[in-house]
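The values are calculated or read from the model by the stated rules, or taken from the named source; none is laboratory data. Not measured: the values here are computed from a predicted model. Here the Cβ positions follow ideal geometry from the backbone for every residue, glycine too, while neighbour counts run over all protein chains shown. SASA here: full protein model, heavy atoms, side chains in, ligands and nucleic acids out. Shrake-Rupley method; radii C 1.70, N 1.55, O 1.52, S 1.80 Å.
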Amino acid sequence: MKTRARACLFVTSLFVTACSQQDRVAVATPAVAPVADAFQREHAAWVRERAADLGKPDGWISLIGLHWIEPGTHSVGGGEENAIHLAIAPDRLGQVEQRADGLYFQPTEGVPITADGTPLRGELKLTPEGAGGGTKLEYDGGKGQITAIKRGQRLALRVRHADAPARLAFHGLDFFPADPDWRVQAHFVPHPAGRTLPIASVIGTVTDTPNPGYVTFEKEGREWRLEALGDPEKGLNLMFQDQTTGKLSYGVGRYLHTDPVAADGTVVVDFNRAYNPPCAYTDYATCPLPPPENRLAWQDGNGQRERLAVLAGEKKYALAKH
């Protein structure tokens, strides 16, 4: 019996089928289970990390306001008399002024505010959020945070607070069961250099965004295509809608990030890691929207339209208002 088992192991390694089906299953099964277990563990860890990131004191669900600024000087604070009324803040926090060269903040005397960790003593020009980070004002002992954002030619104050009701009510995320079949092998097809794609946002802006190419993959007997953003050498950003959008998943659509594209053009698109944009959790985000090309729809010669149902990734958030 031992001789037969050793022979079976040997021939299986050479892809010879002389052994019985029962023997081959007995040899192969121990290798399969650890792979599946590792996939589930890695996915569960990723979901926990995402929930922890959302739930941070300055995460997306801590947003309490987005205030667009008009030219001139405006008082800022928690008191009702302020031109810019903050949901959680001292009665009079300071004043903000939009000038030709940017946005300036002047703190109210005696109210402790820091700018990038340093006590703020006088007027300061706010650098908007961006690749460099942007100026971060903090109040309430660091629980409150104000940054500036720029969308097109408009400037706004984005306000967070660790005691935001949405953060205090946060109860975690809901995902479809992790399924290795939704971790698909895709192929990246580059566009000519310099191509852009107009990307709209929930606030009505449209930005021409670098569009390096698209990915194709097969699912349910058909080939599907998604236009990609980002840098192929660092990882692609995909925004999409599918048949579950507005039903089981968030109504705007979902986002997905990949690893870098391989030299041969292959890239793994793991739909288990499709996630909701920030506007699924707050009215104070300015999320980009999936382009029309990424609705995962297909039309046959008779005009019948079919859509792929991506039963993977993040579902609707229970407290979402959209």
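Quick look at the numbers
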quantity	calculated
Search result, residues across segment 116-171 that are in contact (Cβ under 8 Å) with a residue 12 or more places away in the chain, of a type in the set (A, V, I, L, M, F, W, C) and loosely packed, with under 13 Cβ neighbours inside 10 Å	Ala169
Any hit, segment 268-276, residues being surrounded by fewer than 21 Cβ atoms within 10 Å (Cβ to Cβ), at pLDDT 95 or above and closer than 28 Å to Leu168 by Cα	yes
Yes/no for Asp259 being within 15 Å of Leu238 (Cα to Cα) and either aliphatic (A, V, I, L, M) or free of Cβ contacts under 8 Å to residues at least 60 places away in the same chain (or both)	yes
Complete set of residues in segment 172-185 that are touching a residue at least 24 places away in the same chain (Cβ under 8 Å), outside any strand (DSSP E or B) and out of contact with any Leu (no Cβ under 8 Å at 6 or more places or on another chain)	Gly172, Asp174, Ala178, Pro180
One residue from Asp53, Asp101 being open to solvent by 60 Å² or more (accessible area, probe 1.4 Å), within 30 Å of the chain's Cα centre (by Cα) and of a type in the set (D, E, K, R)	Asp53
Any hit, segment 300-307, residues being part of a loop (DSSP other than H, G, I, E, B), under 22 Å from Arg151 (Cβ atoms) and open to solvent by 10 Å² or more (accessible area, probe 1.4 Å)	no
Enumeration of residues in segment 186-208 that are in contact (Cβ under 8 Å) with a residue 24 or more places away in the chain and either of a type in the set (Gly, Ala, Ser) or open to solvent by 30 Å² or more (accessible area, probe 1.4 Å) (or both)	Ala186, His187, Val189, Pro190, Pro198, Ala200, Ser201, Val202, Ile203, Thr205, Thr207
Gly251 being of a type outside the set (A, V, I, L, M, F, W, C), open to solvent by 30 Å² or more (accessible area, probe 1.4 Å) and in a loop (DSSP other than H, G, I, E, B)	yes
Residues located in segment 278-299, provided they are open to solvent by less than 40 Å² (accessible area, probe 1.4 Å) and part of a loop (DSSP other than H, G, I, E, B)	Tyr281, Thr282, Ala285, Thr286, Cys287, Pro290, Pro291, Leu296
Residue count for segment 104-133, restricted to those that are part of a loop (DSSP other than H, G, I, E, B), at pLDDT 95 or above, of a type outside the set (Asp, Glu) and under 30 Å from the mean Cα position of the chain (by Cα)	3
Single unsatisfied condition, Ile61 versus (1) of a type outside the set (S, T, N, Q); (2) touching a Phe, Trp or Tyr at 6+ places or on another chain (Cβ under 8 Å); (3) free of Cβ contacts under 8 Å to residues at least 40 places away in the same chain; (4) open to solvent by less than 40 Å² (accessible area, probe 1.4 Å)	(3)
